[in-house]
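One structure is given here, and the rest of the page talks about it.
The values are calculated or read from the model by the stated rules, or taken from the named source; none is laboratory data. In this text the structure is predicted, and so the values were computed from the model without any measurement. Neighbour counts run over all protein chains shown; Cβ positions are idealised from the backbone, glycine included.
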Amino acid sequence: MPIPANPPPHVYTTIGLERAADRRRDGAWLARRRRDPESLVVALGGLRVLIADRPQGPDPFALDLRALGGEIPEEAIFLGLLDGRAVFALELGDEVPGAEVRPVELRALAPLLPARELGLLAYARALLHWAGMQRFCGRCGSTLRVAEAGHLRRCPGCAAEFFPRTDPAVIVLVTAGEHCVLGRSPRFPPGVYSTLAGFVEPGESLEAAVAREIREEVGLELEELVYRSSQPWPFPQSLMLGFRARARFSPLRIDADELEDARWFHRRELLDEGRRPVRLPAADSIARYLIEEWLFEGG
Ligand SMILES: [Zn+2]
């Protein structure tokens, strides 16, 4: 099963943005972009997307800070260039003086916004989450200083450096002929069954993490493992690495601490949406992609 060289990018992948990392140290250039009326600000409030009640342009989530009476503040993180315009991310908290905005969870916008905007919002959310969590030095406790336009935090006390984090997690569709394993975590919405997933632990390869997760959660030993594709998952800071695995069709031994239920499903049970015995995960997730990729390939 070859990996597609150009798989359609999953939702929350940054598209069309030039990260322009070399500009992160260019203070004079950044200062000009912060005053530039063409620059965009992706504003979040408590990591939720702030939708302007009266959009000021084609991007309903990009607030016009000049209309709020100011230039783009120092604490806004430089994301990159979109069609030549500088884009910044800013956490505004719950109150936005002078603007009527509605905070909306990013995942609720997934069915509504184009992929390019979702990718930008996901990038902003991940960085702003990190910035909010990484305020003090873990070694000496000093308040960290922001550097590299928000992409680095440096300790004035002991010179330690902290970079944005992405936590690798494996997510796996296990199949046996015409059957696949889907499980249900108590955290899922009612009726939803999904692929099995878990974080990679220190000192562990991706292959070992997949084998361990599947053994722990449903008691299966894998016979074959194939990497499929990956998805940034900024809830809050993961990278989902998607796999397909083959196992022998045998009874599942379910880890009751992790899963409420897990079952083998026949392809026929899942093919017809109207007759499915369970609900599949939301369309914005790589879990859904992995399931449908297998469901519709036939044979
Ligand atoms: Zn320190």
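Some notes on this structure:
- The condition of being on the phi < 0 side of the Ramachandran plot and out of contact with any strand residue (DSSP E or B) (no Cβ under 7 Å at 6 or more places or on another chain) holds for only one of 238, 230, 250, that being 250.
- Checked against (1) assigned to a loop (DSSP other than H, G, I, E, B); (2) surrounded by fewer than 17 Cβ atoms within 10 Å (Cβ to Cβ); (3) among the charged types (D, E, K, R), residue 284 passes all but condition (2).
- Candidate set: the stretch 148-160, residues that are closer than 25 Å to residue 46 by Cβ and outside any loop (DSSP other than H, G, I, E, B); chosen: the one farthest from the ligand (Cβ to nearest atom): 149
- Residue that is nearest to residue 204 (Cα to Cα), among those in the stretch 161-184 that are more than 16 Å from the ligand (Cβ to nearest atom) and assigned to a loop (DSSP other than H, G, I, E, B): 166
- Taken together, the criteria exclude residue 222 from residues that are surrounded by fewer than 19 Cβ atoms within 10 Å (Cβ to Cβ), within 23 Å of residue 114 (Cβ to Cβ) and not small (Gly, Ala, Ser).
- Within the stretch 2-16, tally of residues that are surrounded by 10 or more Cβ atoms within 10 Å (Cβ to Cβ), among the aliphatic types (A, V, I, L, M) and at pLDDT below 95: 1
- The residues of the stretch 124-141 that are in contact (Cβ under 8 Å) with a residue 12 or more places away in the chain, within 10 Å of the ligand (Cβ to nearest atom) and surrounded by 14 or more Cβ atoms within 10 Å (Cβ to Cβ) amount to a single one, 137.
- Single residue of 111, 156 found to be under 17 Å from the mean Cα position of the chain (by Cα), farther than 22 Å from residue 79 by Cα and exposed (fewer than 15 other Cβ atoms within 10 Å of the Cβ): 111
- Any hit, the stretch 185-198, residues being touching a residue at least 60 places away in the same chain (Cβ under 8 Å), assigned to a strand (DSSP E or B) and loosely packed, with under 15 Cβ neighbours inside 10 Å: no
- Boolean, residue 277 is surrounded by 15 or more Cβ atoms within 10 Å (Cβ to Cβ) and either small (Gly, Ala, Ser) or touching a Phe, Trp or Tyr at 6+ places or on another chain (Cβ under 9 Å) (or both): no
- Residue among 92, 50, 63 that is at pLDDT below 90, touching a Gly at 6+ places or on another chain (Cβ under 7 Å) and crowded, with 20+ Cβ neighbours inside 10 Å: 92
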